[in-house]
Amino acid sequence: MTTTGATRHTRYDRRMFAVMNNPRAGALHATAARRRTAVGAHVVLTAAGVAAGTGAYASDRPWPAVAVLVLLVPWCLATGVINGATRGLLELRTHVLDERQRAERDRVRARAHRLTTYLPACAVLGAAAADRSGQVRAGALLVPVLAAVLVTHWLMPLWVAGLTARDEPAGEAEQGPDSL
């Protein structure tokens, strides 16, 4: 990582770079299969968290809120594994990334946007079909469906980046955080 122009890297930038490029966690995301597993686990934990969160919203019982809190720890760990696999592609500030990384981030975001473009339309059609069939009132689906669409749209770039990250070349020297 080099400093471009007059941009100065703050202590925060250097710390986040060090966290996202920590070689000790490399074994967790060293292979494509491990990265796919981490992304799959993250998707499942996210779905369970959204379900528990909407359950907490719709219910006066405390267990859904407790479930959200319990799911938060493994969700954060899975997020960290994906961020480590992508070297902080989506978390580091733009001025910390080199040109190749900025291009990769733009590519990942564009692909994720294309994947989620039809999600709201499918959600509306599904809610309308459920309402029309008389099985569920559309109003009862509003919060859970909107929550699921929002969370999916928010996390899709992370999932795409985790699934498309490449293995590290063998023998390539690691850049340290002091190279900022």
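Per the helix-only calculation at 222 nm, which mean residue ellipticity applies to the chain, given -39500 (n - 2.57) for every DSSP H run of n ≥ 4 and division by its residues, nearest 500 deg cm²/dmol?
That calculation yields -23000 deg cm²/dmol at 222 nm.
To the nearest 10 degrees, how steeply does helix 32-58 sit against the main Cα axis of the chain, on a 0 to 90 scale?
In the chain, helix 32-58 runs at an angle near 40 degrees to the longest axis.
How do the peptides 49-61, 113-125 rank, highest first, by the average count of neighbouring beta carbon atoms within 10 Å per residue?
Output ranking for 49-61, 113-125: 49-61, 113-125.
In whole Å, what is the distance between the alpha-carbon centres of the stretch 76-94 and the stretch 38-71?
22
Quote the relative contact order of the chain in percent (integer), defining contacts as alpha-carbon pairs under 8 Å separated by 6+ residues. Mind dumping the intermediate values first?
Numbers: 169 pairs, mean separation 64.3, N = 180.
Relative contact order here is 36 percent.
Counting only heavy atoms of the protein chains, get the accessible area per residue of the chain (1.4 Å probe) and round it to a whole Å² value.
The answer is 63 Å² per residue.
Tell me the carbon and sulfur percent of the accessible area for the chain, rounded to whole percent, probe radius 1.4 Å.
63
Only one of the values (1) 12.7; (2) 10.3; (3) 14.2 was calculated from this structure for mean projected area of the Cα convex hull in nm²; name its label.
(1)
Compute the helix-to-body angle for 138-164: its Cα long axis versus the longest principal axis of the chain, expressed 0 to 90° and rounded to tens.
Roughly 20 degrees, rounded to the nearest 10.
Expressed as an acute angle from 0 to 90° and rounded to the nearest 10, what is the orientation of the C-alpha long axis of helix 63-85 relative to the principal long axis of the chain?
Its long axis makes an angle of about 30 degrees.
If you take the beta carbon distance between S59 and T117 as r and set R0 to 30 Å, what does 1/(1 + (r/R0)^6) give as a FRET efficiency, to the nearest 0.05?
Approximately 0.40, to the nearest 0.05.
The values are calculated or read from the model by the stated rules, or taken from the named source; none is laboratory data. These numbers were taken from a predicted model, which means no experiment stands behind them. Neighbour counts run over all protein chains shown; Cβ positions are idealised from the backbone, glycine included. To get the accessible areas, we keep the full protein, side chains included, count just its heavy atoms, and leave off ligands, DNA and RNA. Shrake-Rupley method; radii C 1.70, N 1.55, O 1.52, S 1.80 Å.
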